[in-house]
Amino acid sequence: MKPLYPEQAVMLIDDEKNILDSLSGVLFSGGINNIITCTDSRKVLELISQHSPSLLLLDLTMPNMSGDELLPLIRKDYPELPVIIITGNHEISTAVRCMQAGAADYLVKAIESTKLLGVVRKNLKIRELQEENLKLKHGILRGDLENPEAFSAILTSDKKMKLLFRYTETVSSSLHAILIRGETGTGKELFAEVIHILSGRPGAFITVNAAGLDDTMFSDTLFGHKKGAFSGAHEGRKGLVEKAAEGTLFLDEIGDLSAQSQIKLLRLLENGEYYTLGSDVPRISSCRIVTATNRDLKPMIIDGSFRKDLYYRLSSYDILIPPLREREGDIRLLTEHFVNMEFQDSIKKQPEISTGFLTDLMSCSFPGNIRELKSLIFSALSRCSGKILLPEHLNLYSDSGINGISPEADQQPRSVTANTELIFTNTLPTLKRAADLIVDEAMHRSKGNVSIASGLIGISQPALSKRLVNMKKRAYNK
């Protein structure tokens with residue numbers, strides 16, 4: 001069953017039933033399905049008291065009690081309730097009078113559907129933001145989590161993380177988009193899953209990685225296609241927006257979207273509309289959008305590679321996950337957890353963790369964050385044949401916290417000196433060739449670990465994996 005939106009009803013007040021039916025139909029078509037109608041203006045105040053609506057559409061000209069008489073009474077008892085006046089009077093003086101009396105907006109009959117939906121949605125969003133700001137204020141001031149079990153998959157003892165949990169819990173029930181920022185391996189998808197759980201939405205939690213999706217793939221993946229939409233489309237296909245109906249759609253690596261895909265996502269966020277490939281009939285989305293990125297989007301806005309209006313739509317709420325190197329207590333906690341995980345089903349005795357082992361770990365910068373730490377622990381355990389995990393079981397670069405062998409030999413880059421980032425020969429490589437060389441160097445330094453290599457050169461793990469596949473294809477075709 002489709003959930004009601006908004007949570008608190010929109011109330012329509014007009015003495016003509018056909019007007020109420022027409023307004024209701026337009027709102028329903030736009031996804032606003034929690035509606036109360038009233039034809040008797042004398043019952044309005046009682047209905048407001050009973051139902052606590054989020055918004056009122058009020059006709060001015062009615063028998064028994066006019067909208068002009070009702071408006072000041074509503075404003076007196078319910079000052080936070082937005083009231084949109086509807087009238088057949090085109091005179092500006094009427095609009096001015098209503099706005100001065102406290103109306104939030106003013107519409108003249110007959111109202112265009114797009115105009116009505118636009119005004120109602122705008123005022124609903126204003127009301128939702130006001131309520132969410134109050135929730136946010138109370139949530140941050142409140143000491144304890146209401147649903148600590150929702151965060152059970154995120155292990156931490158860090159104070160900043162605990163504050164972030166409270167913020168996440170407070171904003172999860174919102175209908176607005178949430179942007180999760182953080183370096184590779186910090187657990188952005190885990191936070192997205194927590195948001196879905198806390199939202200209470202009945203639909204599925206669907207994830208998609210935007211890295212490597214061109215515009216056609218993005219449209220087909222998110223919006224689906226009709227049979228015959230393009231060559232080879234022998235069957236229709238549901239998109240992920242439809243599969244995430246009444247649930248949450250999590251878009252990772254949002255900074256990698258093409259310009260055309262950004263426009264389509266913006267339309268989805270602004271109007272809740274999308275087009276299945278091969279169809280010119282808009283569909284209404286009922287999923288909640290959560291996005292994530294490991295890139296700083298603000299410089300991308302400045303250079304024009306990421307739309308400013310999309311950024312503000314995506315970041316109604318912004319969750320920034322601190323990197324592991326800023327959470328020393330979590331390094332110890334997670335190390336113990338990963339060691340326990342490796343030995344939970346083993347008949348072998350679990351080794352103790354030496355102080356020196358932990359000290360060396362805490363000296364690392366961890367560009368791959370928790371994912372990198374996990375890899376290091378499992379690698380160290382494979383080298384440990386005794387009863388204690390010692391520093392020599394770790395294989396680190398001393399200055400970067402990345403797998404390696406010796407600072408003098410294996411850490412020494414093949415194409416880098418201490419005085420310059422790059423050595424150029426007489427013949428310059430093409431940009432594509434230079435990118436391939438950088439990828440090759442990162443894989444060399446990380447001993448083939450894609451997760452660590454991606455952190456070294458500042459791209460996502462899926463994006464690096466795709467680039468490695470393309471490099472192999474080019475080498476094979478030569």
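Coordinate-derived values only; no laboratory data. In this text, all values refer to a predicted model and were calculated from it rather than measured experimentally. Quick reminder, even Gly has a Cβ in these numbers, built from the backbone with ideal geometry, and neighbours come from all protein chains shown.
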Task: Relative counts (whole %) of C-alpha pair distances in region 324-404, using bins that are 5 Å wide - done: 3, 16, 31, 28, 15, 6, 2, 0
Task: Furthest towards positive pole of dipole, Leu55, Ser93, Leu81, structure part region 30-134, Cβ charges - done: Ser93
Task: Which of Ile377, Ala9, Gly185, positive extreme of dipole for the chain (C-beta unit charges) - done: Ile377
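Against the globular-protein guess of 2.2 N^0.38 Å, express the Cα radius of gyration of region 257-352 as a ratio, rounded to two decimals.
Values: Rg = 21.5 Å, N = 96, 2.2 N^0.38 = 12.5 Å.
For region 257-352, the normalised Cα radius of gyration is 1.73.
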TODO: Assign one of three labels to region 10-133, namely rounded, prolate or oblate, based on the Cα gyration tensor with a ≥ b ≥ c the square roots of its eigenvalues; rounded applies when a/c is under 1.5, prolate when it is not and a/b is larger than b/c, and oblate otherwise.
DONE: rounded
Task: Val96, Val439 arranged by Cβ crowding within 10 Å, fewest neighbours leading - done: Val96, Val439
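Rounded, prolate or oblate for region 108-253? Axes are the square roots of the Cα gyration tensor eigenvalues, ordered a ≥ b ≥ c, and the cut-off for rounded is a/c under 1.5. Write out the running numbers ahead of the final one.
On the way: a/c = 2.65, a/b = 1.27, b/c = 2.09.
The shape class here is oblate.
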Open item on the list: As I understand it, the dipole of the chain uses +1 on the Cβ of Lys and Arg and -1 on the Cβ of Asp and Glu, about the Cα centre. Which of Asn147, Leu456, His176 lies farthest toward its positive end?
Closed with: Leu456
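Fewest to most neighbouring Cβ within 10 Å: what's the order for Thr207, Thr186? List each step's numbers first, then the result.
Details: Thr207 16, Thr186 24.
Starting with the residue having the fewest Cβ neighbours, the order is Thr207, Thr186.
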Task: Dipole magnitude (debye, nearest 20) for region 32-99, charges at Cβ of Lys, Arg, Asp, Glu - done: 60
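Give, rounded to the nearest 20 debye, the magnitude of the charge dipole that region 155-322 has about its Cα centre when Lys and Arg contribute +1 at Cβ and Asp and Glu contribute -1 at Cβ. Intermediate results must be reported in sequence, preceding the final value.
On the way: 21 positive and 21 negative charges, 75 e Å.
In debye, rounded to 20, region 155-322 gives about 360.
Quick one: order Thr430, Thr221 by neighbouring beta-carbon count within 10 Å, fewest to most. Please report the intermediate quantities before stating the final value.
Numbers: Thr430 8, Thr221 18.
Fewest-to-most ranking of Thr430, Thr221: Thr430, Thr221.
Can you give the % of DSSP beta bridges in the chain that are antiparallel, to the nearest 5? Kindly include the intermediate steps, with their values, before the conclusion.
Working: 5 of 41 bridges.
The antiparallel proportion sits near 10 percent.
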Task: Rounded tilt (10° steps) of 369-383 against the dominant C-alpha axis of the chain - done: 30
Open item on the list: Take the residue pairs Lys159/Lys387; Lys374/Lys447; Lys432/Lys466 and return only those whose Cα atoms are more than 22 Å apart.
Closed with: Lys159/Lys387
TODO: Average the reciprocal distances over every distinct pair of alpha-carbons in the chain, invert the result, and give the Kirkwood radius in Å.
DONE: 26.4
Task: Nearby aspartates and glutamates by direct alpha-carbon distance to Lys226 (threshold 18 angstrom, same-chain neighbours under 8 apart not counted) - done: Asp215, Glu235, Glu242, Glu273, Asp280
- [ ] Compute the separation of the alpha-carbon centres of region 1-71 and region 309-343 and state it in Å as a whole number.
- [x] 46
- [ ] Under a cut-off of 24 Å between alpha-carbon atoms, report the lysines in cross-link reach of Lys115, not counting same-chain residues fewer than 8 places apart.
- [x] Lys17, Lys125, Lys264
